[in-house]
1. Please list, by residue number, every one of the chymotrypsin sites (Phe, Trp or Tyr not before Pro) in the stretch 12-103 that is coil in DSSP and has at most 13 other beta-carbon atoms within 10 Å.
2. Once you put a point 7 Å from the Cα of Ile13 and another 7 Å from the Cα of Asn72, both along the Cβ direction, what distance in nm separates them?
3. Name all residues of the stretch 44-68 having a backbone nitrogen under 16 Å from the label point set 7 Å from the Cα of Glu25 along its Cα→Cβ direction, giving them as ranges.
4. In terms of the ratio Rg/(2.2 N^0.38 Å) built on C-alpha atoms, what value belongs to the chain?
5. Give the lysines whose C-alpha is closer than 21 Å to that of Lys56, dropping any in the same chain fewer than 8 places away, or say none.
6. Which helices count as membrane-span-like in the chain under these terms: full DSSP H, at least 15 Å along the axis by C-alpha, Kyte-Doolittle mean of 0.0 or more?
7. So for the chain, averaging the separation of alpha carbon pairs under 8 Å that are six or more residues apart and normalising by length, what relative contact order in percent results?
8. Would you mind checking the stretch 54-84 for residues with the amide N under 19 Å from a putative spin-label position 7 Å along Cα→C-beta of Thr44?
Amino acid sequence: MKKEILANSFVLIGIIAYNFLFWGEKLGLNMLIFSTLLVGSLFTLYPESRKSKMAKITAIGTLFSAAMIVYNNSMFSKVMHFVSLIAMVGFVQQYVLRFFGTV
């Protein structure tokens, strides 16, 4: 029950942050801020992923690629950021997704 309330509050904070800070704006510093919020939220919601080496590596890679969007702002850096973001979410939720495969 507590995890559901925490997840719902993260979703609400994320929606409000996206709406007021990022709506209609270009990527750049906004993506770095949003990625930091997303990484923090995922590691809070899935504390077992803090022990995973791959989850930590992909989280660092996601934050690095978001910083490269701020620095370079090329289409390649944007695409690589979204690829690393998807990989990071997959590694963070690895234990949850593995459970659904065994049912």
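1. Working: sites: Tyr18, Phe20, Phe22, Trp23, Phe34, Phe43, Phe64, Tyr71, Phe76, Phe82, Phe91, Tyr95, Phe99, Phe100; in loops: Trp23.
Those that pass, being in a loop and sparsely packed, are Trp23.
2. 3.1 nm
3. Answer for the stretch 44-68: 66-67.
4. Values: Rg = 14.5 Å, N = 103, 2.2 N^0.38 = 12.8 Å.
It is 1.13.
5. Lys78
6. Working: long enough: 2-17 (22 Å, 1.26); 29-45 (24 Å, 1.89); 53-71 (27 Å, 1.24); 75-92 (26 Å, 1.77).
Long hydrophobic helices here: 2-17, 29-45, 53-71, 75-92.
7. Values: 74 pairs, mean separation 29.8, N = 103.
Relative CO of the chain lands at 29 percent.
8. 56, 59-60, 63
Just so you know, all these numbers are worked out from the coordinates, no wet-lab data involved. Please read all numbers here as calculations on a predicted model, not as lab measurements. When we count neighbours, we look across all protein chains shown, and the Cβ atoms used for this are built from the backbone with ideal geometry, even at glycine.
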